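Trainee: Just dropping this structure here.
The values are calculated or read from the model by the stated rules, or taken from the named source; none is laboratory data. Everything numeric in this text was worked out from a predicted model, so none of it was measured. Methodologically, a virtual Cβ is constructed for each residue, glycine included, from the backbone with ideal geometry; neighbour enumeration extends over all protein chains shown. Please note that ligands, DNA and RNA were not included when accessible areas were found on the heavy atoms of the full protein model with its side chains. Shrake-Rupley method; radii C 1.70, N 1.55, O 1.52, S 1.80 Å.
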Amino acid sequence: MVPDLSHFPRLPLGLWPTPLEEAPRLGEALGRRVLVKRDDINGLGGGGNKLRKLEFLLGQAREDGVATVITFGALQTNHGRQTAAAAAKLGMRCILVLTASVPRNGVAYRESGNVVLDHLFGAEVHVCESAGEAGELTDSLVAAETAAGRETMVIPMGGSAGLGALGYVAAAAELDAQLGELGITRARVVAPLGSAGTAAGLVVGAAGLDWLLDLPSVFRPADQARQRLMELVAETAELLGVDSPSMERVMVSDRALGEGYGVPTPQVWEALALFARTEGIILDPVYTGKAAAHLLAGGDGDSELPVVFIHTGGSPGLFAYQPELAAALGVDS
Ligand SMILES: Cc1ncc(COP(=O)(O)O)c(C=O)c1O
């Protein structure tokens, strides 16, 4: 049964439902049926998975009379870019406290991709060297906004709170309806696992459905990623007043993580090329590229099931990795 979300304030930010596309040439290359859920082309600000979360987070913010939203992430956070775009649309102030946590320091990484778009959407952008510095700065920013008489909401990294995860509870119902139209009841759903809000929503939304959730971690080792996911699943279920669902059909691995968050592996560039050259789909090197590399390596779970690849967006971040992408493609400059 689909949980009732109607009593949570929600603002329409994206274009729903996002398309569920057959990917026959990719499927042929992988030897199985593949469908792609296009949450990368959901509209606002270059699109991506955070819009689903922000509909609930900013819905609450609007109800609470919030004038300023503050959120966090790595320098190339897609969440920050989408929050900045949504805030611009809603006439809210947006402050981004970014941390230079990824070992990348070229001009492309520091100034292109999501960062330049954050500025374009009018966000106030701060760059910190450590999580400690970001925490202290946030406290002083909240104090300053409050002193200026502006109600302020601090949104956690990735929008990953129970409220944000509701966006993917709704997405699970949307996907189930689309699969139903195709006569598909059993599927392996693949999605990248970062700060875990997307996955938590999918786990709660998939309760009672015959889905296997195959979640490659792109952010931290598998045991920690699973632990964080379970906490967020419990928080989301509690918010909805439903029982915490079983994690039996949820697989978390870190085989595609490589050296860590934001550091692409050679397999990521291969995966990007395959998706681009079979289906004309742009992946990103931090999230969807690693999830696709995991899939190319076989992934986890029943290989007979049709695969639904949740394209969570992130393509603006590709341009932050331009030198590495060009090198992988053998582009001479
Ligand atoms: C493109 C993209 N995909 C996947 C994720 C991971 O989603 P979550 O943080 O909800 O696990 C993110 C998070 O920033 C993202 O930007």
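Trainee: How about the stretch 286-317: which of its residues are in contact with a Ser or Thr (Cβ under 8 Å, 6 or more places away or on another chain) and not hydrophobic (A, V, I, L, M, F, W, C)?
Mentor: Answer for the stretch 286-317, where residues must be in contact with a Ser or Thr (Cβ under 8 Å, 6 or more places away or on another chain) and not hydrophobic (A, V, I, L, M, F, W, C): Tyr287, Thr288, Lys290, His294, Asp300, His311, Thr312, Gly313, Gly314.
Trainee: Give the residue that is nearest to Thr77 (Cα to Cα), with candidates limited to residues of the stretch 123-143 that are in contact with a Cys (Cβ under 9 Å, 6 or more places away or on another chain) and open to solvent by 60 Å² or more (accessible area, probe 1.4 Å).
Mentor: Looking at residues that are in contact with a Cys (Cβ under 9 Å, 6 or more places away or on another chain) and open to solvent by 60 Å² or more (accessible area, probe 1.4 Å), I get Glu124.
Trainee: So which residues in the stretch 171-226 are under 30 Å from Thr265 (Cα atoms), among the aliphatic types (A, V, I, L, M) and either open to solvent by 10 Å² or more (accessible area, probe 1.4 Å) or not assigned by TED's automatic domain parsing to the domain that holds Asp254 (or both), if there are any at all?
Mentor: Leu212, Ala222
Trainee: With a cut-off of at least 1 residues that are closer than 25 Å to Ala144 by Cα and open to solvent by 50 Å² or more (accessible area, probe 1.4 Å), name the helices (runs of 4 or more DSSP H) lying wholly within the stretch 1-117.
Mentor: Qualifying helices (runs of 4 or more DSSP H): 50-63, 78-90.
Trainee: So, of the residues in the stretch 280-300 that are touching a Lys or Arg at 6+ places or on another chain (Cβ under 8 Å) and surrounded by 18 or more Cβ atoms within 10 Å (Cβ to Cβ), which turns out to be modelled with the highest pLDDT?
Mentor: Applying the filter and picking the extreme gives His294.
Trainee: If Ser303 passes every condition in (1) modelled with pLDDT of 95 or more; (2) surrounded by fewer than 22 Cβ atoms within 10 Å (Cβ to Cβ) but one, which one does it miss?
Mentor: Looking at each condition in turn, Ser303 falls short on (1).
Trainee: Could you pull out every one of the helices (runs of 4 or more DSSP H) wholly within the stretch 226-333 that has 1 or more residues that are more than 13 Å from the ligand (Cβ to nearest atom), among the charged types (D, E, K, R) and under 23 Å from Ser101 (Cα atoms)?
Mentor: It comes to 322-329.
Trainee: Would you check which residues across the stretch 231-253 are open to solvent by 60 Å² or more (accessible area, probe 1.4 Å) and under 30 Å from Leu272 (Cα atoms) and list them?
Mentor: Passing the criteria: only Arg249.
Trainee: Can you find a residue that is part of a helix (DSSP H, G or I) and within 25 Å of Glu21 (Cβ to Cβ) anywhere in the stretch 132-143?
Mentor: For the stretch 132-143, residues part of a helix (DSSP H, G or I) and within 25 Å of Glu21 (Cβ to Cβ): absent.
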